1. Residue under question is residue 152, and the condition is that it be over 23 Å from residue 17 (Cα atoms), buried (at least 18 other Cβ atoms within 10 Å of the Cβ) and assigned by TED's automatic domain parsing to the domain that holds residue 10; does it hold?
2. Which residues, counting only those in the stretch 95-116, are among the charged types (D, E, K, R), more than 19 Å from residue 181 (Cβ to Cβ) and not in a loop (DSSP other than H, G, I, E, B)?
3. So, in the stretch 162-171, how many residues would count as being open to solvent by 40 Å² or more (accessible area, probe 1.4 Å), of a type outside the set (Asp, Glu) and within 21 Å of residue 63 (Cβ to Cβ)?
4. Of the numbered conditions (1) of a type in the set (Lys, Arg); (2) surrounded by fewer than 16 Cβ atoms within 10 Å (Cβ to Cβ); (3) more than 14 Å from the ligand (Cβ to nearest atom), residue 75 satisfies every one except a single condition; which is it?
5. So, of the residues in the stretch 93-142 that are small (Gly, Ala, Ser) and near the ligand (Cβ under 10 Å from one of its atoms), which turns out to be least open to solvent (accessible area, probe 1.4 Å)?
6. Looking at residue 57 and the list (1) crowded, with 20+ Cβ neighbours inside 10 Å; (2) in contact with a Phe, Trp or Tyr (Cβ under 8 Å, 6 or more places away or on another chain), which single condition is not satisfied?
7. Quick one: residue 116 ticks every box in (1) within 24 Å of residue 16 (Cα to Cα); (2) touching a helix residue (DSSP H, G or I) at 6+ places or on another chain (Cβ under 9 Å) except a single one, so which number is it?
8. Check whether at least one residue in the stretch 119-130 is assigned to a helix (DSSP H, G or I), farther than 26 Å from residue 3 by Cβ and under 20 Å from the mean Cα position of the chain (by Cα), and report yes or no.
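The values are calculated or read from the model by the stated rules, or taken from the named source; none is laboratory data. Everything numeric here is computed off the predicted structure, so don't read it as measured data. Methodologically, a virtual Cβ is constructed for each residue, glycine included, from the backbone with ideal geometry; neighbour enumeration extends over all protein chains shown. Keep in mind that these areas ignore ligands, DNA and RNA; they rest on the heavy atoms of the full protein, side chains included. Shrake-Rupley method; radii C 1.70, N 1.55, O 1.52, S 1.80 Å.
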Amino acid sequence: MGEWFETIADVEATPEEADHLGAEVLSWLVEQGIVMAEPTDCILGNRGHRPGPNYAAATVEPWDDLHEFATNGFRVVTGQSVFYSMGVVQVACPHCKAVVVDDQDQDSWSDFSPVIDEWYMGGSGVHACRHCGKPVGINEWGWSPPWGFGYLGFEFWNWPTLDPGFVAAVSYRLGHRTVRPYGKL
Ligand SMILES: [Zn+2]
């Protein structure tokens, strides 16, 4: 049995606003009964917030036994982060649709990883597509499965699939575009 995660990653929040926005979303979730206020040890050695009495409202199909899982927490992540998905990655240009990274082709990763490194070092992360030459921001590429690069994310561990309406409500509160990386450890 692996541990499953789903993340709502804010790809627009600035480093300055991440803490404040993260705290705001947390208190909204507590108010709605989606998560518990008190942080406990519920994410693989990390502290998080266990599902609240009304957690089902955030999911498509709630489970009866989520409350009993050892790992079932929600966590606000702030600070520069690569919000990754697990699984076979493909990255395509949003303009010409050329696939610039394909997990089957290790060289394509080697060509692309400087883009991530540069963003991580404080660069803009904007790079020209090597097929059509148009500039593309790091969060504009078509990542499949989704990846997000930013300063604020919300992780849900072992929760059932999040409801798209709930994710939209979180994005609305943030006033930002979000993406939803996921995976299994
Ligand atoms: Zn292109």
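1. Values: over 23 Å from residue 17 (Cα atoms): no; buried (at least 18 other Cβ atoms within 10 Å of the Cβ): yes; assigned by TED's automatic domain parsing to the domain that holds residue 10: yes.
Spelling it out, it is not the case that residue 152 is over 23 Å from residue 17 (Cα atoms), buried (at least 18 other Cβ atoms within 10 Å of the Cβ) and assigned by TED's automatic domain parsing to the domain that holds residue 10.
2. Those that are among the charged types (D, E, K, R), more than 19 Å from residue 181 (Cβ to Cβ) and not in a loop (DSSP other than H, G, I, E, B): 105, 107, 111.
3. Keep residues of the stretch 162-171 that are open to solvent by 40 Å² or more (accessible area, probe 1.4 Å), which gives 163-165, 168.
Remaining after also requiring of a type outside the set (Asp, Glu): 164-165, 168.
Pick out the ones that are also within 21 Å of residue 63 (Cβ to Cβ) and you get 164-165.
Count: 2.
4. Of (1) of a type in the set (Lys, Arg); (2) surrounded by fewer than 16 Cβ atoms within 10 Å (Cβ to Cβ); (3) more than 14 Å from the ligand (Cβ to nearest atom), only one is false for residue 75: (2).
5. If we take residues in the stretch 93-142 being small (Gly, Ala, Ser) and near the ligand (Cβ under 10 Å from one of its atoms), then 98 is least open to solvent (accessible area, probe 1.4 Å).
6. Of everything listed in (1) crowded, with 20+ Cβ neighbours inside 10 Å; (2) in contact with a Phe, Trp or Tyr (Cβ under 8 Å, 6 or more places away or on another chain), residue 57 misses just condition (1).
7. (2)
8. Quick first cut of the stretch 119-130, residues assigned to a helix (DSSP H, G or I) only: 119-120.
Narrowing further to those that are farther than 26 Å from residue 3 by Cβ: 119.
Those left that are additionally under 20 Å from the mean Cα position of the chain (by Cα): 119.
Scanning the stretch 119-130 turns up at least one residue that is assigned to a helix (DSSP H, G or I), farther than 26 Å from residue 3 by Cβ and under 20 Å from the mean Cα position of the chain (by Cα).
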